[in-house]
Amino acid sequence: MEKQKSNAVRFIDAYNKIDYALRVQHNFKRSLSFSDMIRKAVVQNHIVRKYEDDLIDFGRLRNAIVHKSNDKFLIAEPHTDVTEKIEKIARLITTPPKVIETDCVHDVFTISYDVPVQSAIEIMAQTSYSNIPVFKDGVLIGVANGQKIIDAFGKFLLNGGDDTEFLQHKKIEEIVSQPTNTQYFAVASIDVTIEDVMNMFFTNRKLLCIILTKNGKMGETPVGIITSSDFMELNKIIENY
């Protein structure tokens with residue numbers, strides 16, 4: 001029968017996994033201290049950002065558990081709650097869950113670039129989708145967003161435009177192809193992790209949705225969509241992982 005590991009051994013195992021994984025993932029030098037590595041990783045890794053204070057504390061605790069630099073000579077035993085928490089963080093960092101495996105990925109409804117704005121609005125009302133990818137010749141050119149359409153409509157009217165001209169004759173391509181529209185959506189592969197998705201929303205506060213395709217290419221058929229409203233649910237999944 002295999003001997004059960006002590007909390008100290010489990011703690012050090014998890015600590016070493018975190019240390020190794022972050023150095024590999026973010027190309028940190030071995031000479032960089034654990035605490036400095038954590039502070040640098042905060043801007044690149046959502047899990048580290050979420051558990052930054054815990055990880056800094058765990059770095060200090062590791063130094064209190066081991067004798068000098070010898071991980072085999074342990075002189076203290078951490079509490080079980082502490083051990084389980086660092087093991088959880090280690091799992092999130094080393095084997096992060098994929099977003100495609102969650103209920104946060106929604107079905108995708110797409111429209112063609114030459115659809116009149118009014119038709120796009122009607123489709124949004126019928127489907128209850130506020131973000132609809134727009135394709136032209138099989139390539140994603142943007143995302144029709146309800147609020148962005150309203151904003152464009154309002155500016156059009158303020159400049160003396162006719163509502164019929166905007167709704168019935170303006171194509172949705174004219175709205176989604178604006179240069180600023182590209183910052184409101186992103187494309188990722190079906191292998192993207194929850195950590196990656198949350199980091200994308202964190203680093204781009206204007207991001208409305210992430211469209212999933214097989215390889216994360218603009219010319220591929222979308223297989224799912226994640227919106228900014230899913231952020232809280234994704235965070236709950238991480239909490240319970």
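Bear in mind these aren't lab numbers, they're just calculated from the coordinates by the rules spelled out. The shown structure was predicted, so the numbers you read here are calculated from the model rather than taken from an experiment. Glycine gets a Cβ as well: all are built from the backbone with ideal geometry, and neighbour counts include every protein chain shown.
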Filtering the range 73-111 down to residues that are touching a residue at least 60 places away in the same chain (Cβ under 8 Å), of a type in the set (S, T, N, Q) and in a loop (DSSP other than H, G, I, E, B) yields Thr102, Thr110
Within the range 202-222, residues in contact with a strand residue (DSSP E or B) (Cβ under 8 Å, 6 or more places away or on another chain), free of Cβ contacts under 8 Å to residues at least 60 places away in the same chain and on the phi < 0 side of the Ramachandran plot come out as Asn204, Leu207, Ile210, Thr213, Lys214, Asn215, Lys217, Glu220, Thr221
The residue that is nearest to Ala144 (Cα to Cα), considering only those in the range 195-241 that are of a type in the set (A, V, I, L, M, F, W, C) and assigned to a loop (DSSP other than H, G, I, E, B), is Leu208
Can you find a residue that is in contact (Cβ under 8 Å) with a residue 40 or more places away in the chain and either within 18 Å of the chain's Cα centre (by Cα) or farther than 30 Å from Thr94 by Cβ (or both) anywhere in the range 155-162?
no
Quick one: is Ile141 surrounded by fewer than 18 Cβ atoms within 10 Å (Cβ to Cβ) and outside any helix (DSSP H, G or I)?
yes
Within the range 29-57, the count of residues that are under 18 Å from the mean Cα position of the chain (by Cα) and assigned to a helix (DSSP H, G or I) comes to 7
Only unsatisfied item for Ile225, checking (1) within 18 Å of Lys98 (Cα to Cα); (2) surrounded by fewer than 18 Cβ atoms within 10 Å (Cβ to Cβ); (3) not aromatic (Phe, Trp, Tyr), is (2)
Discussion item. In contact (Cβ under 8 Å) with a residue 24 or more places away in the chain, over 17 Å from Ile175 (Cβ atoms) and of a type outside the set (Gly, Ala, Ser): is that true of Asp114 in this structure?
Written reply: no
